[in-house]
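Have a look at the structure below, then the notes.
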Amino acid sequence: MMAEGIFIYLAAAIVILSVLVITRSNPVHSMITMLVLFFHIAALYVTLNAEFLAAIQVIVYAGAILVLFLFVVLLLNLKEEMVARRYIGPWPLGVLAALGLLVVIVLSLKSFIPGPSGVFTTEVVRAETNTKVLGQILFTEYLYPFEVVSMILLVAIIGAIVLAKKRLRN
Amino acid sequence: MDNYLLIPFLPLAAFFVNILFGKTLIRDKSHWVSLFAVVCSWVIAVMTLFEVIGGRTVNRDLYTWIVSGDFRVSVGFLIDQLTAVMLIVVTTVSSLVHIYSIGYMHGDKGYYRFFAYLSLFTFSMLMLVMANNFLQLYFGWEAVGLCSYFLIGFWYEKKSASDAGKKAFIVNRFGDFGFGLGVIMIFLTFGTLHYAPVFGSVNGIVGKTVDFLGLQVDLPTLIALLLFCGAVGKSAQLPLHVWLPDAMEGPTPVSALIHAATMVTAGVFLVARCNPIFVLSPPAMNVVALVGAVTALFAGTIALVQNDIKRIVAYSTVSQLGYMFLACGVGAFSAGIFHLYTHAFFKALLFLGAGSVMHAMAGELDIQKMGGLKKHMPLTYWTFLLASLSISGVPGFAGFFSKDEILWRAYASGPLGHLLYAIGALTALLTAFYSFRIIFVAFHGKFRGTHEQEHHLHESPKIMTVPLLILAAGALAAGWVGIPPLLGGGEHFAEFLAPVVGHAKGEGTHAEEWATMITAVILGLGGIAAAAFVYLRKSTLADTVAGRFSFIYRLLWNKYYVDELYDTIIVRPTFWVAKNVIVGVTDGKIIEGIVNGVPRFIGTLSSWLRNIQTGMVHQYAAVMALGAFVVIAIVLFW
Amino acid sequence: MVPLHWYLLLSSAVFVVGVAGFLTRRNIIIMFMSIELMLNAVNISLVSFSRYLSDMRGQVLVFFVIAVAAAEAAIGLAIIIALFRNKATAHVDEANEMKG
């Protein structure tokens with residue numbers, strides 16, 4: 001009963017916070033809401049026995065990506081932003097499309113069939129600790145994708161510098 | 001013998017080296033590459049000749065070139081007596097022409113290109129003569145034609161030169177079309193293109209007929225005549241002779257090598273090589289002999305009145321090639337090849353001599369503007385005289401033996417042979433006359449050119465005169481390998497070739513043989529005497545005769561109007577069709593309609609479709625969401 | 001024990017909120033945040049799959065998604081700066097250079 005209670009609280013908070021994120025007119029408010037949202041998602045991960053990902057969620061998303069967003073927001077003219085139109089003209093159409101998508105996704109959940117279970121049951125993970133198990137798989141089976149991801153990050157760093165750099169005159 | 005592969009492939013390697021590095025690296029040293037290759041080929045060819053004399057022949061496939069169903073062609077080499085003779089002719093003349101060109105082409109801006117083409121030509125010609133199947137022969141045949149085109153149009157900035165190159169190429173198309181059909185017929189008949197099985201089973205087709213354009217045609221005759229079509233084109237026989245005189249636009253060494261000694265004789269080689277097919281068809285043989293005889297006389301008469309020194313020699317070449325076909329046509333293939341072999345020496349010599357004269361005269365070709373060159377360029381004069389004596393059939397010289405052999409074989413071949421003999425003997429008279437006309441008009445008498453030209457006159461450098469001397473030795477002595485038994489010789493040449501081309505048929509008494517020989521010699525000497533009388537004693541006589549028979553003179557001067565005839569019946573209608581049908585209808589309406597219509601349609605469609613591309617991110621995103629919706633819906637509810 | 005379907009429903013709901021935000025907002029930064037929302041929605045379902053199927057591979061995938069999201073955010077924000085510098089706006093409906 002306890003687990004369901006926690007889940008219901010987290011789920012309700014996550015959905016409400018998401019809606020708030022996309023409806024605030026002040027981007028800084030959206031940002032703060034999103035920070036809270038990310039903490040809730042991290043808590044959800046903890047209930048799912050994914051402690052390492054919960055930490056990552058806080059450190060990378062809340063700590064790094066959101067700060068990056070915040071920097072950019074500070075470049076904007078917030079006063080003007082507050083009075084400007086929030087939504088595009090035909091916004092009801094967008095909402096309609098999203099709701100249509102929700103309907104088909106929820107309908108498709110009915111036909112979900114779980115696949116065969118793996119070896120990493122809660123007990124195994126608990127004995128080995130989540131981080132250790134994740135690292136074992138990451139650096140053996142997923143070593144090559146891991147290296148590729150590091151390259152992607154490098155490319156992103158260089159690309160961001162090139163894009164954001166001021167053009168030198170001549 | 002085992003290194004015979006080097007004979008064609010050394011010149012090929014030289015071609016690649018020169019064409020790749022000639023422009024930038026080798027430049028004015030490029031003759032070393034080509035000369036080295038061709039001289040090595042010559043040495044190996046001589047070694048090969050001795051091995052063939054020793055009785056060893058080669059017929060070997062190198063590798064399989066094409067396999068398609070029953071169709072199987074290899075690259076292979078056949079070296080027998082006939083090939084050995086051709087190898088010697090080609091590599092010898094080619095080597096000498098290479099040496100001569102070092103002097104003649106000196107300072108030309110296409111120097112490396114010239115030697116590259118010479119090497120490529122040598123390779124192609126050697127592939128042609130060394131082939132052991134018809135497709136490789138055809139390959140060499142077309143490759144020499146291509147090189148001929150390159151070299152005739154070597155000075156392509158000159159419109160007349162590039163036109164002459166095109167003319168040679170296009171006229172040869174007519175003959176090669178027939179040749180190609182002949183090769184196809186051989187494959188359809190025998191199921192193979194290799195010489196050995198074709199010639200081995202050739203007797204099986206005697207009397208068979210084939211449906212050709214609705215007519216029942218004798219199969220051996222059809223094949224022989226189709227092959228002969230190719231020979232007519234390549235060897236400039238009537239009616240496809242028109243390209244050869246124009247080909248003189250090329251550099252003179254090229255005229256000597258390609259348009260006198262080697263490529264144009266490929267037709268004779270083809271007929272001799274295919275003799276097992278030709279001998280099966282008396283009608284085809286008669287056609288060959290008659291075409292040869294008529295061409296010999298026809299070209300000889302034109303040569304009488306021309307003034308361009310190279311064109312005279314070119315018509316002389318056409319005429320002598322006619323002799324060779326005449327010999328083949330009466331079954332005396334070895335006599336034809338014998339004349340091919342001696343002709344290579346004295347005709348190459350005549351051309352190189354003419355080149356030497358041009359060199360001294362700063363490119364002047366008109367013999368009427370020369371005169372008295374004898375004292376300025378003695379070496380050229382004496383070698384030219386020797387070649388002229390040889391071509392006129394003066395006893396003892398190379399040309400005498402081969403021409404005598406042909407005329408005697410023609411006479412001995414039967415009733416038609418008497419007529420052929422008469423034409424041949426008359427042509428011998430003409431040959432002697434026009435050859436010595438050059439000598440007397442250009443080398444004797446007083447100089448008639450401009451003052452600067454006279455001041456400029458000089459003997460050519462050693463690099464050009466040494467090949468002349470070597471060829472002169474050939475023009476004198478090359479015939480001694482084929483002295484007839486009548487004069488105490490052994491007819492070694494004919495005996496040597498007998499395994500490939502057989503013995504000539506026809507019998508005659510010694511008295512007849514003496515009579516034909518003496519008549520021909522008297523006619524030849526008469527021609528020389530007549531030329532001497534007309535051009536040395538009575539220099540006005542030539543103009544008087546030309547005035548008296550002005551119709552004939554103009555007919556000959558205009559080469560029987562053959563070019564004009566072709567212009568009217570072929571060139572003009574072709575242009576008319578090209579202009580009115582191709583440009584006007586097919587190209588202008590149909591093809592351009594399609595070509596322009598398709599993009600116009602696409603343009604219209606896309607200018608309508610591009611309205612979708614609004615540049616608004618939201619629309620794209622909405623379409624994506626819609627797409628996801630549709631895909632999931634289809635998966636769910638299908 | 002919470003059923004797997006609840007997690008999946010939550011995931012769908014967050015995803016659709018993200019889609020709606022992306023389709024309706026003019027501000028490009030909010031649109032970016034909507035993309036992050038959608039990524040997080042997917043992450044939630046991946047982690048719950050991992051838990052319910054006793055397979056760590058779902059969590060590895062989430063790890064990669066977070067890394068790629070970081071890269072994507074860096075590039076995307078650089079593009080926003082470039083846009084802002086050239087057009088002096090953060091509203092996507094004011095930029096339609098790609099119009100055909």
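FRET efficiency for the pair C:F64 and B:L609, taken as 1/(1 + (r/R0)^6) with r the Cβ-Cβ distance and R0 = 56 Å, rounds to 0.90. The relative contact order of chain B, computed from alpha carbon pairs under 8 Å that lie at least 6 residues apart in sequence, is 11 percent. With only Cα atoms counted, chain A has Rg and Dmax values of 20.9, 69 Å.
Inter-chain Cβ neighbour count for A:13-21, averaged per residue, equals 5 (cutoff 10 Å, partner chain atoms only). Residues of the stretch C:30-55 whose accessible area (probe 1.4 Å, heavy atoms of protein chains only) drops by at least 40 Å² once all protein chains are present, relative to their chain alone: C:I30, C:M33, C:E36, C:L37, C:N40, C:I44, C:V47, C:R51, C:L53, C:S54. Straightening the chain between A:E128 and A:V103 buys 5.0 nm, computed as 0.36 nm per residue apart minus the Cα-Cα spacing. Summarising the amide proton neighbourhood of B:A504: residues at separation of 5 or more, or on other chains, whose placed amide H is nearer than 5 Å comprise an empty set. With 24 Å as the limit on Cα-Cα distance, the pairs of B:K347/B:K374; B:K234/B:K462; B:K29/B:K374 that go past it are B:K234/B:K462; B:K29/B:K374. When the Kirkwood radius is taken over all Cα pairs of the protein assembly as shown, what Stokes-Einstein diffusion coefficient follows at 4 °C and 1.567 mPa s, in µm²/s? Using the Kirkwood radius from Cα pairs, D works out to 37 µm²/s. For the stretch B:1-72, the set of trypsin sites (Lys or Arg not before Pro) satisfying both a DSSP loop assignment and a count of at most 15 other C-beta atoms within 10 Å is given as B:R56.
Label sites at B:K159 and A:A12, each approximated as a point 7 angstrom past Cα along Cα to Cβ, lie 9.9 nm apart. Note on A:62-72: average number of Cβ atoms from other chains within 10 Å of each residue's Cβ is 4.
Bridgeable lysines around B:K369 (alpha carbons under 17 Å apart, same-chain partners fewer than 8 residues away excluded): B:K310, B:K446. Annotation for B:A13 and B:L565: the two label points, set 7 Å from Cα along the Cα-Cβ direction, are 5.0 nm apart. Centre-to-centre separation between the Cα atoms of the stretch B:487-519 and those of the stretch B:138-152: 35 Å.
Note: chain B, Cα convex hull, 245 Å³ per residue. A DSSP coil position with no more than 14 other Cβ atoms inside 10 Å describes the following chymotrypsin sites (Phe, Trp or Tyr not before Pro) in the stretch B:507-596: B:F549. When only the Cβ of Lys, Arg, Asp and Glu is charged (+1, +1, -1, -1), the dipole of the protein assembly as shown relative to its Cα centre reaches about 2240 debye.
A Förster distance of 41 Å, applied to the separation of the beta-carbon atoms of A:K79 and C:M98, puts the FRET efficiency at 0.90.
From the square roots a ≥ b ≥ c of the eigenvalues of the alpha-carbon gyration tensor of the stretch C:4-89, which class results: rounded (a/c under 1.5), prolate (a/b over b/c), or oblate? Cα axes put the stretch C:4-89 in the oblate bin. Straight-line reach from B:K208: taking Cα to Cα under 20 Å and skipping same-chain neighbours fewer than 8 places apart, the aspartates and glutamates in range are B:D218.
Restricting the calculation to alpha carbons of the stretch B:83-132 gives Rg and Dmax of 12.3, 40 angstrom. Once you have a ≥ b ≥ c as the square roots of the Cα gyration tensor eigenvalues for the stretch B:4-112, tell me rounded if a/c is under 1.5, and otherwise prolate or oblate according to whether a/b is larger than b/c. Oblate, since a/c reaches 1.5 and b/c is not below a/b.
How charged is the neighbourhood of B:H503? Take every other residue with its Cβ under 15 Å from the Cβ of B:H503, and add Lys/Arg as +1 and Asp/Glu as -1.
Spelling it out: positives minus negatives among the neighbours equals -2.
Relative protection proxy for C:10-23, B:592-605, A:52-65, B:33-46, from highest mean packing down: C:10-23, B:33-46, A:52-65, B:592-605 (other beta-carbon atoms within 10 angstrom). Per residue of peptide A:86-95, the mean number of Cβ atoms on other chains within 10 Å of the residue Cβ is 6. Using only Cα atoms, find the angle between the long axis of helix B:492-501 and the longest principal axis of chain B, and express it within 0 to 90 degrees, rounded to the nearest 10. Between the helix axis and the principal axis of chain B, the angle is about 30 degrees. Pairs over the 30 Å Cα-Cα cut-off, from the set B:K158/B:K403; B:K166/B:K505; A:K79/A:K165; B:K159/B:K559: B:K158/B:K403; B:K166/B:K505. Overall shape: oblate for the stretch A:35-124, with the ratio a/c of the largest to smallest alpha carbon gyration tensor axis at 1.5 or above and b/c at least equal to a/b.
The values are calculated or read from the model by the stated rules, or taken from the named source; none is laboratory data. What you see is a predicted model, and the numbers here were worked out from it, not measured in a lab. Because the Cβ atoms are built from the backbone with ideal geometry, glycine has one as well, and the counts that use them run over all protein chains shown. The area values use the complete protein model at the heavy-atom level, side chains included, leaving out ligands, DNA and RNA. Shrake-Rupley method; radii C 1.70, N 1.55, O 1.52, S 1.80 Å.
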